[in-house]
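The values are calculated or read from the model by the stated rules, or taken from the named source; none is laboratory data. Please read all numbers here as calculations on a predicted model, not as lab measurements. Methodologically, a virtual Cβ is constructed for each residue, glycine included, from the backbone with ideal geometry; neighbour enumeration extends over all protein chains shown.
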Amino acid sequence: MADGLQYRAAVFCARSVVGLKELGRTLGGALKETIAARPFLLLALDGELGAGKTTLAAATLAALGVRSRVTSPTYGLVHAHSFGLGGPGRKVEVLHVDLYRLRHTAELDELGLEDGVQSTPAAAGQVLLVEWFENARGRLGRPDLAFRLMHSQRGRLVKLRPHSAPGDRILRVLRGAAHRDLQLLS
Ligand SMILES: Nc1ncnc2c1ncn2[C@@H]1O[C@H](COP(=O)(O)OP(=O)(O)O)[C@@H](O)[C@H]1O
Ligand SMILES: [Mg+2]
């Protein structure tokens, strides 16, 4: 997955919720494009409470056109969704994970996420969106693309760092996101 190469990072300023949602919308489109070539994608969403991780994830899921909302019985840390790529059996699983309440990294075993990280399941692909990724303390491997969201006087800052070629490709698409309330700072 992550190849250890250095990729160019980026910083956005989302001046409003709408601006941040636009980033999520663009991310959904980029994931759809990328998932065929790379059937497993791991995205990390970190940043303090209220920074906008869930807002970004929800906008991404909406853009992917997820059709299910299944709450995992496992502490509610994992919400499983899926979307179709068109064509029979071409379904991609999207796991929206929130590790805020993770107490020990051993709990990750019960969530079954590590299996997914190592091997793509029978579905056409799997996307993992993990809030509070840092709580996994490296147990989920390196993300393809890491987001860090921060409060700022101008709204929210979103720092993005790719760790793989697909992550880098996704970020290049994101750089093209255009909205009045979403500014690419670097
Ligand atoms: N520019 C902005 N971008 C994102 N959220 C914002 C912004 N300005 C205000 N907010 C508010 O901040 C909150 C973000 O909450 P949420 O997405 O649940 O954060 P997290 O998942 O990081 O705890 C929401 O209530 C949202 O309305
Ligand atoms: Mg959240």
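Applying a threshold of 8 Å to beta carbon distances and a minimum spacing of six or more residues, or different chains, the list of pairs starting in region 127-151 at a residue that is without any contact (Cβ under 8 Å) to a residue 60 or more places away in the chain and ending at one that is of a type outside the set (Val, Ile, Thr) reads 135/99; 135/100; 135/102; 136/99; 136/102; 136/108; 139/108; 139/114.
Say whether the condition of being touching a residue at least 12 places away in the same chain (Cβ under 8 Å), assigned to a strand (DSSP E or B) and within 16 Å of ligand 1 (Cβ to nearest atom) is met by at least one residue in region 69-80. Yes, because at least one residue in region 69-80 is touching a residue at least 12 places away in the same chain (Cβ under 8 Å), assigned to a strand (DSSP E or B) and within 16 Å of ligand 1 (Cβ to nearest atom). The residue list 103, 148 contains one member that is surrounded by fewer than 23 Cβ atoms within 10 Å (Cβ to Cβ), of a type in the set (Lys, Arg) and farther than 20 Å from residue 60 by Cβ, which is 103.
One line per residue, one yes/no per condition, for (1) under 27 Å from residue 20 (Cα atoms); (2) at pLDDT below 90; (3) within 13 Å of ligand 2 (Cβ to nearest atom):
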| position | (1), (2), (3) |
| --- | --- |
| 51 | yes, no, yes |
| 63 | yes, no, no |
| 68 | yes, yes, no |
| 82 | yes, yes, no |
| 89 | no, yes, no |
| 112 | no, yes, no |
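For region 35-66, filtering for residues that are part of a strand (DSSP E or B) and among the hydrophobic types (A, V, I, L, M, F, W, C) leaves 6.
Return the residues of region 141-186 that are under 25 Å from residue 113 (Cα atoms) and more than 16 Å from the chain's Cα centre (by Cα); say none if nothing qualifies. Result: no residue meets the conditions.
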